[in-house]
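For reference, the structure is listed below as structure tokens.
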Amino acid sequence: MPGTAEQSPPASRASAGPLPGAGVAALGPGSGGAGVRAPPMDAPGDPEGPPPPAGDDPAASARETSSRLSREQLFVLISAASMNFGCMMSYSILGPFFPKEAEKKGASNTVIGMIFGCYALFELLASLFFGKYLVQIGAKFMFVSGMFVSGGVTILFGLLDQVPDGPVFIALCFLVRITDAISFAAAITASFSILAKAFPHHVATVLGSLEVFSGLGLVLGPPLGGFLYQSFGYEVPFILLGCIILLMVPLTMYILPSYEESNPGQHSFWKLISLPKVALLTFIITSLSACFGFLDPTLSLFILKKFNLPAGHVGLVFLGLALSYTISSPLCGLLSDKIPHLRKWFLVFGNIITAGCYMLLGPVPVLHIQSQLWLLVLMLVVIGISSGMSIIPTFPEIISCAHENGFEEGLSTLALVSGLFSAMWSVGAFMGPTLGGFLYEKIGFEWAAAVQGLWALTSGLSMGLFYLLEYSRRRRRSKLHNILGTEEEQRALLPDENQP
């Protein structure tokens, strides 16, 4: 879920991841993500466009959802929502007070930044590994063990103030943080795969709905952490949240259905990402994750310097972004599933709108617009909505593209897609704050935000150009097919000249 440098999607990322949607045992084993295939984007009023599949009819889809929603599906949703909420809260709780405590222990600002940044790097590596070997490890085991380890290391983080200052403290911070990143990668990769297996016809809807819980975790984490820290000290916030996550583990073990598969599949990440459409979709995931991550080290400094707001009010400015994304994601997911061809428009125009908003965040000096707080908050709200438009459709679009290019319709393909989604989100989560902090120091927030917006603009225009070329190729093939069909019919109707 967007809003922080390390969040995952929607999950972003999340949601994002991003986060991703899922499937149902009631829909039949082996159905995988077949139901998420989207028809080509046809020109408005194009009479030759292919008719939509029966599952794309909103009324039929609604009837199918209500008639097939089972207890297993409900348990999957509860498990995924609790994991998203707990892990996002345990991540975001660090922000208000950990840097100050780390400074007391002898860590420099650079080292503190590296402690935060290593999370995204190791989540990237772990996501690729778990996506490749999810079938062999087992989706349910990976999900539950990831939650268990995450809860344990959250508690350990709360005990770090008891260790000696200096290198020992710093080393243990890195160790605990890396372990937390690996455990989260395991849980979120398994969660994406299970959801996509359980809800093959409603991937985007479920993905968008679960972003609500990721957003709530990210929004509630900092104020709750700050309150507990001020009231009870450093240890209590981590110990309390770690225990809550650990208490979720036995419940998840009991209610989460088992989606296992004996065939690990023959395809790899490299074959998946070598598909042109998938490569462009991963570029979108990375660029949007970087856009969110860019704001972490830069926006609060800009607000404090430009508008002289009290430090406590800065969090309210961030709230506009988090809430708008959280509220808009379920709607974007629902529309993506009900009207699949809208995904293409969402991906293109969502990125273009995001780019325009980043140009106006400062705003960029060439526009000669005075920087005002209301304009900044408005742009953050619009960024939350446009990011939901861009992030939510990427997961079902990648699944659809993979199936169209010969990937198996099973858990192994869903695991590859889940791992790739999480990994690309992590790349952006690492690059966004790193590049953003550097550009902020060199050229200022206004120009740095504009440069970040160019990244989103490039990904949106590239995706739009791809869809136009794809549409053109399909039109040519359709015309050629019609010509060949007409010639065959004419030959069949002509009398045989050699016949006496």
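The values are calculated or read from the model by the stated rules, or taken from the named source; none is laboratory data. On a predicted model such as this, the values are computed, not experimentally measured, just so you know. Cβ: placed from backbone, ideal geometry, glycine included. Neighbour counts: every protein chain shown. Heavy atoms of the whole protein, side chains included, go into the accessibility calculation; ligands, DNA and RNA do not. Shrake-Rupley method; radii C 1.70, N 1.55, O 1.52, S 1.80 Å.
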From the list Gly221, Gly265, Gly293, which residue is modelled with pLDDT under 80 and closer than 30 Å to Gly437 by Cα? Gly221
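Could you tell me which of the residues Thr434, Thr394 is open to solvent by 10 Å² or more (accessible area, probe 1.4 Å) and among the hydroxyl-bearing types (Ser, Thr, Tyr)? First the steps, then the outcome.
Working: Thr394 fails: open to solvent by 10 Å² or more (accessible area, probe 1.4 Å).
After ruling out the rest, the residue left standing is Thr434.
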Pull up region 325-356, narrow it to residues that are among the polar types (S, T, N, Q) and over 11 Å from Gly384 (Cα atoms), then point me to the one that is modelled with the highest pLDDT. Asn351
How about region 414-431: which of its residues are open to solvent by 10 Å² or more (accessible area, probe 1.4 Å) and under 10 Å from Phe294 (Cα atoms)? Phe430, Met431
Kindly indicate which of Pro222, Pro250 is in the same structural domain as Ala126 (by the TED database), surrounded by fewer than 22 Cβ atoms within 10 Å (Cβ to Cβ), under 23 Å from Leu156 (Cα atoms) and touching a Gly at 6+ places or on another chain (Cβ under 7 Å). Pro222
Looking at Met88 and the list (1) open to solvent by 60 Å² or more (accessible area, probe 1.4 Å); (2) at pLDDT below 85, which single condition is not satisfied? (1)
Considering only region 90-179, give the helices (runs of 4 or more DSSP H) lying wholly within it that have at least 3 residues that are under 20 Å from the mean Cα position of the chain (by Cα). 109-137, 139-158
Only residues in region 85-114 that are on the phi > 0 side of the Ramachandran plot count as the first member; pair them with residues that are of a type outside the set (Asp, Glu) and surrounded by fewer than 18 Cβ atoms within 10 Å (Cβ to Cβ), Cβ under 8 angstrom, at least 6 apart or cross-chain, and list the lot. Gly106/Gly166
